[in-house]
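First the structure, in the form of structure tokens, and then the observations on it.
The values are calculated or read from the model by the stated rules, or taken from the named source; none is laboratory data. Predicted, not measured: the structure shown is a model, and the values here were computed from it. Quick reminder, even Gly has a Cβ in these numbers, built from the backbone with ideal geometry, and neighbours come from all protein chains shown. These accessible areas exclude ligands, DNA and RNA; they are computed on the full protein's heavy atoms, side chains included. Shrake-Rupley method; radii C 1.70, N 1.55, O 1.52, S 1.80 Å.
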Amino acid sequence: INTNHRTKKTEEQTMAAEATTIPEEVSSLWKSLDPAIRAALIESESKNDAEAASSKGGLQGRRALASSGPRMDDKTAKFIGGSSFTKREANPGWIKVRGDVYDAIKGRRDEELSAKVPVDIEVTLPDGKTLAENKEGVKYQSWRTTPFDVAATISRGLADSCYVARVTYSAYASDYDPVEDGMDAVDTLADSMSELEVDDDAKDKTNMTMLWDMTRPLVGSVSKLEFLKFQDDQDARTVFWHSSAHVMGEALERLYGSRLTIGPPLAGGFYYDSYMGDGTANGAFNEDDYKPVEAEVSKIVKQKQKFERLVVTKEEALEMFLGNPFKEQIISTKIPDGTRTTVYRCGDLVDLCRGPHVANTGKIKAFAATRHSATNWLGDTENDSLQRMYGISFPDKKMLKVWKENQEKAKERDHRRIAQQQDLVMFHELSAGSAFWLPHGARIYNSLINFIKEHYWKRGYDEIITPNIYNLDLWHQSGHAMHYKDAMFCFDVEGKEWAMKPMNCPGHCLMFAGKIRSYRDLPIRFADFGVLHRNELSGALSGLTRVRRFQQDDAHIYCREDQIEAEVVASLDFMKSVYTTFGMTYKLELSTMPTKALGEKEVWDRAEAALARAMDTFAGKGGWRENPGDGAFYGPKIDIKVMDAMERVHQCATIQLDFQLPIRFELQYNTGSQEKGKEFARPVMIHRAMLGSVERMFAVLCEHYGGKWPFWLSPRQVMIIPVHADWNDYCQEVRDKLHNEGFHADVDLSKNKFPKKVRSAQIDQYNFQLVVGEQEVKNGTVNIRTRENKVEGEKKVDDLIAYFKELRAERKIM
């Protein structure tokens with residue numbers, strides 16, 4: 001359930017994602033990855049600022065267990081760092097030793113490369129134009145021609161402005177072996193890269209599509225070659241930030257002799273984890289380290305060091321990283337014997353990496369070290385303590401300036417800060433990851449739910465209520481137990497294992513199967529605001545964006561295959577209405593059949609065609625884009641990416657087709673057919689959510705509005721301010737009238753002077769201040785001021801109530 005936005009598996013997207021058989025490697029890879037990576041992927045840089053501070057000693061990176069309370073010292077802690085780092089040391093000797101090993105291995109690979117026979121190749125561009133030679137008439141050849149060379153044939157400016165290529169091979173050269181080239185090796189950052197939608201290893205290998213270094217020779221004819229720029233493509237940004245992480249890692253090694261562990265790109269930046277001893281003053285990072293690191297990065301950038309890719313065997317990798325126990329552990333546990341993997345070198349740095357990377361370090365024009373924190377190896381507090389440094393970089397200094405300005409704005413809008421200031425939500429360590437909704441916060445929470453319920457009533461949904469706990473047998477049937485049990489709260493009930501539900505879909509399937517269904521009954525739309533619990537790693541908890549207890553505007557539509565298009569159009573219209581009300585824009589993507597999809601291709605093809613027709617009907621041709629091979633394994637899906645007031649992207653709403661849960665629960669309906677064998681058919685299940693997690697949507701809206709809640713959502717709609725204590729009783733009468741009409745109204749009966757009362761109400765974000773003096777009492781009126789201190793004048797109380805009702809009904813953004 002993730003990171004961290006886009007993120008690929010956010011809470012909203014995964015309400016069904018694990019509902020069927022999941023490839024074995026997916027369930028094991030995440031266990032070896034620092035959980036904070038996943039959290040960072042759905043958080044902006046500003047949201048991560050409090051991560052270190054909020055992590056409680058002994059809990060970071062751990063799930064809630066019986067042993068999470070006070071416990072005796074654990075003598076079984078797995079510390080492997082040892083004496084690999086004893087003190088800060090500039091340019092330690094092992095850097096040169098590692099470089100010498102690299103050079104020796106490179107010599108062996110160069111001999112292998114010399115045996116390859118270049119053959120003529122063709123390259124097709126996205127516009128369909130095919131190229132076979134450069135401007136001088138020199139033929140393109142495998143093992144020699146690079147994407148940079150092809151781009152330079154078009155324009156040198158194009159070649160210089162692109163950071164990575166996306167290559168779809170039509171055929172490999174006869175002497176190219178992906179295994180020999182390290183392409184089938186496990187990527188130690190695969191999970192984080194897939195969360196960022198880079199995951200070239202997960203691309204459809206039948207189409208041989210992958211990200212490719214601009215300076216890496218092509219190994220066959222290319223049916224589609226795309227050149228990706230930082231400004232236009234998320235893959236390019238992620239590769240750019242991944243390369244920047246290597247540059248920062250090189251600086252950390254040069255300055256301090258840091259023992260690097262992992263350094264992944266994030267949704268907006270990157271970090272590197274380093275072992276620097278036991279985290280005492282000698283090794284621990286502090287803010288004084290930022291400028292030296294930035295200065296060293298500047299030197300590295302000016303040197304324009306090339307990023308070099310090198311294929312190594314497992315044994316060669318172990319030799320290369322001898323002395324770094326963390327790299328040794330990665331190599332020993334994640335790289336199978338007899339296989340190859342890859343490393344990249346830039347300058348003095350050599351690091352385990354699948355790549356790709358930018359051409360050289362000179363591409364990084366602007367860099368800043370943004371913050372630091374402590375963490376643990378593999379996110380487990382029983383392991384070595386590590387030091388983490390975060391960074392951000394851009395290909396233009398102006399972009400860094402804008403980013404810094406936006407970060408300041410983001411800090412001001414941080415939902416954790418606003419929620420505390422406005423007394424909306426609190427947290428307590430005795431229920432970590434579960435929000436305590438204070439009265440004013442509950443008003444907003446309930447308003448959001450009621451907003452969706454109004455739509456349900458109009459759009460033909462049936463609200464249902466389902467249990468919070470189930471026998472674990474349900475989760476075995478749905479497939480969650482095998483791959484998701486670690487993220488569930490499980491407990492014993494009369495000798496049998498039960499669990500709190502982390503999603504609603506299996507329970508809804510039980511309800512559908514509870515009686516015989518007819519084709520006339522479909523579509524059936526079950527909507528459920530049931531409380532969900534997920535045993536998230538404590539190190540990944542972050543405000544309201546990552547919690548253990550939450551509710552979703554969760555609904556499942558059971559329909560016939562011929563009803564898919566109409567239901568999807570209706571769901572998209574629902575989504576549009578919701579986000580237009582919020583004042584947010586959106587983009588649509590159709591994610592299609594992945595390589596490891598379950599089910600028949602013919603069914604997938606029909607479903608994808610139905611979704612495409614629905615999106616054409618809703619958004620018009622060209623109003624959406626296709627994301628090939630990125631669907632869930634159980635069905636195609638529509639990714640809905642919404643943009644807030646700060647132009648940040650959030651993935652909250654989702655529409656997903658599911659063919660697998662109806663099979664697992666043997667769901668069927670009577671078709672009405674008399675033909676033998678066709679009396680019953682399986683329904684198609686549509687998972688959809690508009691808000692997604694109400695908690696997360698609360699956080700998104702809090703930052704979108706900057707705490708200035710629109711009138712219909714506001715927990716503080718009206719403050720009535722008497723000019724003198726003589727008018728207190730009248731003010732109370734007005735307040736009671738407003739309260740009886742369902743408005744959140746208060747009276748300031750304090751002894752503060754009038755100007756301070758007005759200012760206090762504005763600071764507290766009351767939408768309106770109603771000023772009452774002698775004239776207003778005589779006339780049965782109030783004098784209206786807005787939150788922005790605009791005086792709207794005198795109005796009769798009954799007229800005011802009618803006006804407020806109109807604002808509430810129309811849900812205007814004010």
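Tabulated values for the structure
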| read-out | value |
| --- | --- |
| Matching residues in region 492-550 - criterion: being in a loop (DSSP other than H, G, I, E, B), open to solvent by less than 10 Å² (accessible area, probe 1.4 Å) and among the basic types (K, R) | K501, R534 |
| Options D337, D348: the member that is of a type in the set (D, E, K, R) and in contact with an Asp or Glu (Cβ under 7 Å, 6 or more places away or on another chain) | D348 |
| Check on T580, buried (at least 23 other Cβ atoms within 10 Å of the Cβ), within 27 Å of the chain's Cα centre (by Cα) and of a type in the set (V, I, T) | no |
| Among residues of region 680-699, those that are open to solvent by 40 Å² or more (accessible area, probe 1.4 Å) and either of a type in the set (K, R) or at pLDDT below 95 (or both), counted | 1 |
| Elements of type helices (runs of 4 or more DSSP H) contained in region 676-791, each with 1 or more residues being within 30 Å of S571 (Cα to Cα), of a type in the set (A, V, I, L, M, F, W, C) and out of contact with any Phe, Trp or Tyr (no Cβ under 7 Å at 6 or more places or on another chain) | 694-705 |
| Subset of region 571-602 that is of a type outside the set (K, R), out of contact with any helix residue (DSSP H, G or I) (no Cβ under 8 Å at 6 or more places or on another chain) and outside any loop (DSSP other than H, G, I, E, B) - its residue that is farthest from K621 (Cα to Cα) | E602 |
| Region 108-160, subset in a helix (DSSP H, G or I) and acidic (D, E), residue nearest to the chain's Cα centre (by Cα) | D160 |
| Criterion violated by T595 - all others in (1) closer than 30 Å to A419 by Cβ; (2) of a type in the set (S, T, N, Q); (3) surrounded by fewer than 18 Cβ atoms within 10 Å (Cβ to Cβ) satisfied | (1) |
| Test: residue in region 435-456 that is under 22 Å from A540 (Cβ atoms) and either open to solvent by 30 Å² or more (accessible area, probe 1.4 Å) or of a type in the set (D, E) (or both) | yes |
| Residue in region 409-416 that is more than 27 Å from the chain's Cα centre (by Cα) and assigned to a loop (DSSP other than H, G, I, E, B) present | no |
| Where Q305 falls short, out of the listed (1) of a type outside the set (D, E, K, R); (2) surrounded by fewer than 19 Cβ atoms within 10 Å (Cβ to Cβ); (3) within 22 Å of N91 (Cα to Cα) | (2) |
| Single residue of region 287-302 satisfying the filter (more than 12 Å from A251 (Cβ to Cβ) and out of contact with any Lys or Arg (no Cβ under 9 Å at 6 or more places or on another chain)) that is surrounded by the most Cβ atoms within 10 Å (Cβ to Cβ) | K302 |
| Residue that is surrounded by the most Cβ atoms within 10 Å (Cβ to Cβ) [pool: residues in region 394-414 that are touching a Lys or Arg at 6+ places or on another chain (Cβ under 8 Å) and of a type outside the set (A, V, I, L, M, F, W, C)] | D414 |
| Which listed residue is open to solvent by 70 Å² or more (accessible area, probe 1.4 Å) and either of a type in the set (D, E, K, R) or closer than 25 Å to R416 by Cβ (or both), from K790, K757 | K790 |
| Members of region 344-393 found to be open to solvent by 30 Å² or more (accessible area, probe 1.4 Å) and under 25 Å from A295 (Cα atoms), listed by number | R345, G347, D348, N360, K363, K365, F367, T370, H372, A374 |
| Flag if K485 is modelled with pLDDT under 95 and open to solvent by 20 Å² or more (accessible area, probe 1.4 Å) | yes |
